[in-house]
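Asker: Have a look at this one.
The values are calculated or read from the model by the stated rules, or taken from the named source; none is laboratory data. Predicted, not measured: the structure shown is a model, and the values here were computed from it. Every residue, glycine among them, receives a Cβ derived from its backbone with ideal geometry; neighbour counts consider all protein chains shown.
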Amino acid sequence: MSDFHYNQLSAKQKKIYNSLFEAIGGRRDGFNVDTADLREVSPAYEAFSFDHPEYFYVDLNNVKLTITSPGKGKAELRYFYTPDETAHRKKSIDAAIGKLLDNRDFGNADVLGRIRLIHDRLVRSVTYESHAAVKGMIIPDALTIEGVFLRGSAVCEGIAKAVTYLGQKLGMDIPAITGTATIDGSNYVSHAWNVVNIGGNYAHLDVTWDITLSTPLKFTRYDYFCVPDVDMREDHAFGGYFPCAHDMGLSFFERSHRLFHDMDSCKKYLSEKLKERSDVIYFKFPDHSVPPETAVKRMDDAITNMLRLRSLFMFDLEKAHNPTQGVYFYRILKRL
């Protein structure tokens, strides 16, 4: 188990968290708390749900508190399934995880390699359940590991919990963190992702956003794989959980030598890929000296001109850029 969220709580909230743990273990329908304030109880429930993704069968997103006397109350618990149904679903989840992790590559990989394998397996097997994006409104299991492993569909909370759970299975602590994120640069909404620890160096891992970028292209993307704070804050907002420092060499683009900081180096890479007749060109070139739309146009013009000069065939370009992160994706579609 992870105790990351537990450690963020106040002393009173930690007591509620511990009582919650005992109540679920005894499958009780509630427990007494020394507060009549739902705002003290809700954070404990949320922290518990992220630290213990294995308790997918308890409704931890809808907290109910009955006041029993001044300053005291009873926190209620609701279970989605009977004990027999829960046991059956646990068995199914374990089987699904067994298949997901059933590969000698996990045993041969280092920590970063195992994290990448977790990322890749989820990106290729899970879809983002957009119509269940409002917490608990439509499909409760989209918020838990059940949605991920039994239906292959979930929202960010369920996906982040699945990453935590898989990490626990492999002996790694990959806590889920919460904050907000924006797609359009202005409207921030609640979001959940993960933080990884590799040799004492921390980085962000947003599998959900990589899923949404990868699925329509049928191509595994790593835009948010082991990203430092400075890049993550371009479209995510969060507290100072860990020092996710820059230049740790953990991101996909750093390790695959696809991160560029000057146009000459970038053009050299593009030239090499075009010479190889690569169908897909995928790289990162963050340029904050100009607006994102200007940077994108400059890059599009550069690769189009290079293709026209070097290619012996007609072509179309499929583009799926991530301007905020400075990530570029081109798929060259040849045509006669």
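A quick yes/no check of all residues on (1) assigned by TED's automatic domain parsing to the domain that holds V123; (2) among the hydrophobic types (A, V, I, L, M, F, W, C); (3) farther than 19 Å from D173 by Cβ:
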residue: Y202; (1), (2), (3): yes, no, no
residue: E234; (1), (2), (3): yes, no, yes
residue: H261; (1), (2), (3): no, no, yes
residue: K275; (1), (2), (3): no, no, yes
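Asker: In addition: Determine which single condition M248 fails, assuming it passes every other condition in (1) in contact with a helix residue (DSSP H, G or I) (Cβ under 7 Å, 6 or more places away or on another chain); (2) within 30 Å of P175 (Cα to Cα); (3) modelled with pLDDT under 95.
Answerer: (1)
Asker: Picking from L9, L38, which residue would you name as being farther than 20 Å from T164 by Cβ and surrounded by 12 or more Cβ atoms within 10 Å (Cβ to Cβ)?
Answerer: Selected residue: L38, the only one of L9, L38 that is farther than 20 Å from T164 by Cβ and surrounded by 12 or more Cβ atoms within 10 Å (Cβ to Cβ).
Asker: Filter the range 142-159 down to the residues that are aliphatic (A, V, I, L, M) and in contact with a Gly (Cβ under 7 Å, 6 or more places away or on another chain) and list them by number.
Answerer: Answer for the range 142-159, where residues must be aliphatic (A, V, I, L, M) and in contact with a Gly (Cβ under 7 Å, 6 or more places away or on another chain): A142, L143, I145, V148, A154.
Asker: Quick one: in the range 195-209, of everything that is without any contact (Cβ under 8 Å) to a residue 60 or more places away in the chain and either among the aliphatic types (A, V, I, L, M) or surrounded by fewer than 16 Cβ atoms within 10 Å (Cβ to Cβ) (or both), which residue is nearest to A142 (Cα to Cα)?
Answerer: Ranking the candidates gives V195 first.
Asker: Filter the range 73-108 down to the residues that are at pLDDT 95 or above and basic (K, R), then identify the one that is surrounded by the fewest Cβ atoms within 10 Å (Cβ to Cβ).
Answerer: K91
Asker: So V290 ticks every box in (1) in contact with a Lys or Arg (Cβ under 9 Å, 6 or more places away or on another chain); (2) exposed (fewer than 12 other Cβ atoms within 10 Å of the Cβ); (3) in contact (Cβ under 8 Å) with a residue 24 or more places away in the chain but one. Which box is left unticked?
Answerer: (3)
Asker: Is the range 128-146 home to any residue that is hydrophobic (A, V, I, L, M, F, W, C), in the same structural domain as G240 (by TED's automatic domain parsing), over 16 Å from S2 (Cβ atoms) and touching a Pro at 6+ places or on another chain (Cβ under 7 Å)?
Answerer: Kept after step one, since they are hydrophobic (A, V, I, L, M, F, W, C), are these residues of the range 128-146: 132-134, 137-139, 142-143, 145.
With in the same structural domain as G240 (by TED's automatic domain parsing) added as a condition, the list becomes 132-134, 137-139, 142-143, 145.
Now drop any that are not over 16 Å from S2 (Cβ atoms), which leaves 132-134, 137-139, 142-143.
Still in the running and touching a Pro at 6+ places or on another chain (Cβ under 7 Å): none.
There is no residue in the range 128-146 that is hydrophobic (A, V, I, L, M, F, W, C), in the same structural domain as G240 (by TED's automatic domain parsing), over 16 Å from S2 (Cβ atoms) and touching a Pro at 6+ places or on another chain (Cβ under 7 Å).
Asker: Please work out which residue is nearest to G199 (Cα to Cα), limiting yourself to the range 255-301 and to residues that are basic (K, R) and assigned to a loop (DSSP other than H, G, I, E, B).
Answerer: R258
Asker: Among the residues of the range 239-257, is any closer than 23 Å to G179 by Cβ, assigned by TED's automatic domain parsing to the domain that holds I177, of a type in the set (S, T, Y) and touching a Ser or Thr at 6+ places or on another chain (Cβ under 8 Å)?
Answerer: The answer is no, given that none of the residues of the range 239-257 is closer than 23 Å to G179 by Cβ, assigned by TED's automatic domain parsing to the domain that holds I177, of a type in the set (S, T, Y) and touching a Ser or Thr at 6+ places or on another chain (Cβ under 8 Å).
Asker: Considering every residue within the range 182-196, establish whether at least one is among the β-branched types (V, I, T), part of a helix (DSSP H, G or I) and under 21 Å from N62 (Cβ atoms).
Answerer: Looking for residues that are among the β-branched types (V, I, T), part of a helix (DSSP H, G or I) and under 21 Å from N62 (Cβ atoms), one finds none in the range 182-196, hence no.
Asker: If we keep just the residues of the range 151-163 that are outside any loop (DSSP other than H, G, I, E, B) and surrounded by fewer than 24 Cβ atoms within 10 Å (Cβ to Cβ), which is nearest to the chain's Cα centre (by Cα)? Spell out how you get there, then give the answer.
Answerer: Let us first name the residues in the range 151-163 that are outside any loop (DSSP other than H, G, I, E, B), namely 151, 153-154, 156-163.
Filter again for surrounded by fewer than 24 Cβ atoms within 10 Å (Cβ to Cβ), leaving 151, 153.
On the way: R151: 17, S153: 13 Å.
Filtering the range 151-163 for residues that are outside any loop (DSSP other than H, G, I, E, B) and surrounded by fewer than 24 Cβ atoms within 10 Å (Cβ to Cβ), the one nearest to the chain's Cα centre (by Cα) comes out as S153.
Asker: Additional query: Anything in the range 211-254 that is among the charged types (D, E, K, R), part of a helix (DSSP H, G or I) and without any contact (Cβ under 8 Å) to a residue 40 or more places away in the chain? List them, or say none.
Answerer: D229, E254, listed by residue number.
Asker: Kindly indicate whether any position in the range 171-194 is among the acidic types (D, E) and buried (at least 17 other Cβ atoms within 10 Å of the Cβ). Before the answer, list the steps.
Answerer: In the first step, residues of the range 171-194 are kept if they are among the acidic types (D, E); the result is 173, 184.
With buried (at least 17 other Cβ atoms within 10 Å of the Cβ) added as a condition, the list becomes none.
The answer is no; no qualifying residue exists.
Asker: Same structure, new question: Taking helices (runs of 4 or more DSSP H) that do not extend beyond the range 1-118, which have at least 1 residues that are under 22 Å from G152 (Cβ atoms) and not small (G, A, S)? Walk me through how you get there before you give the answer.
Answerer: Values: elements: 11-25, 38-51, 83-101, 104-108.
Filter on the range 1-118 gives 38-51, 83-101, 104-108.
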